[in-house]
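The values are calculated or read from the model by the stated rules, or taken from the named source; none is laboratory data. Since this is a predicted model, take the numbers as computed values, not measurements. All Cβ positions, even for glycine, are placed from backbone atoms using ideal geometry, and neighbour counts span all protein chains on display. For the accessible areas, the whole protein counts, side chains as well, though only heavy atoms, and no ligand, DNA or RNA atoms are used. Shrake-Rupley method; radii C 1.70, N 1.55, O 1.52, S 1.80 Å.
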Amino acid sequence: MTATDLPPAAGTIRALPRTSDNLLLADAGEGTRVEFRGVTKDYGPTRVLHDFRLDIAPGEFVSLLGPSGCGKTTALRVLAGLEPSSGGAVLLGGRDVSGIPTNRRDIGMVFQSYSLFPHLRVIDNVAFGLRRRRVAKREAAGRADDALALVGLDHLADRYPHQLSGGQQQRVALARALVTEPRVLLLDEPLSALDAKVRVQLRDEIRRIQLRLGITTVFVTHDQEEALAVSDRIAVMNAGRIEQIGTPEDLYLRPATPGVAAFVGVSSLVPGIVRGREVHVWSERLPLQSAPADDGPVEVFVRPENVRLVATGGVTATVQESTFLGSFRRTLVRTGDGTLVTVQHAADERADYDDVVRIAFTDTPVVVRPRVEVDAPEARGSSNASSRRGA
């Protein structure tokens, strides 16, 4: 297949009506369908993508979420053409682009590193891709200015990268990726080098821009909070495969596997016994999202918001720590058998270290996994899996 076989870049249908003089908004399209069809990727004898299948609708924002080494960045690089696949096909707009080089795929990319040219002004950095495409200088400058206005930096067009903050430099990188009006936008952990407050601001800005342009976007991250905040759907990856794909609400409220339950959100692991469609946890019975093949001992994933402090009933526990988080508190307690449980409760409910409290569970379906036998009680308790992963 040659480059001429590819469909024209999106732009014949506007995602939103023109609301300003920004030509980039005026020409915005509705996005392009992206498909991975049974893609595999091998590095020597090691397979890092296994029969990878994913269908992304035009204009959809999909995040690839998972720990380091799960294959999410490899999948993105195969989509971009930066890595050849070992098998399967990648389709853009219904056309197989597996043999098409990166510069012919009409894709915009934003990386973790800003990769700006230090000797060029901001506007020249943004216009660089247009000039490489032999767009006239005056038109390139106008379109670059439009792209900078889209990210709120048109007033800094004449500065150099070293005169900008990290968040501003990443906005310039985003403008540079958008200025060519690509069919697909790829974001490879673009926020991980920024401080917490700037990350949240830029995360929300990326989503706002994506919705305005209607551009199909694939976002790679290991931060589940980022993925939950901006995505239409999230594909949770593990060992080169998609373990579950769904809306943020589906993944958080209805995780399909223990791995997804552990990675998405914060959970406590408590001991239980499965009997039919229920799991018995201490004196309570909780419904199961899906029952294991056999009854018997399991570990139960319990979200902090599904544990409550009660005056009577429940199980006795001792407060280990309590953290004020603005509109609510999270309190870590230890039960008599050594299990650590995180409770989310009202901010005005004070709980001090070594206080004795009682906890109970809400009647919410839970996910379980086979119980792992341990030698010491300290090995059990709150997994807080997603927040403790550094990769």
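General observations
- Pairwise label distance in nanometres, Ala57 with Ser327, each label 7 Å out on the Cα-Cβ vector: 2.8 nm
- The C-alpha atoms of the chain define a longest principal axis, and helix 196-213 lies at about 60 degrees to it.
- Annotation: amide H-H contacts under 5 Å for Glu83 (H modelled 1.01 Å from N, sequence separation of 5 or more, or interchain): Val78.
- For the range 113-158, the carbon plus sulfur part of the accessible surface works out to 49%, probe radius 1.4 Å.
- Lys, Arg +1 and Asp, Glu -1 on Cβ, resulting dipole of the chain about Cα centre, debye, nearest 20: 1240 debye
- Size check on the chain: the Cα extents along the three principal axes, sorted descending, read 75, 46, 39 Å.
- Per residue, the solvent-accessible area of the chain (1.4 Å probe, heavy atoms of protein chains only, all protein chains present) comes to 46 Å².
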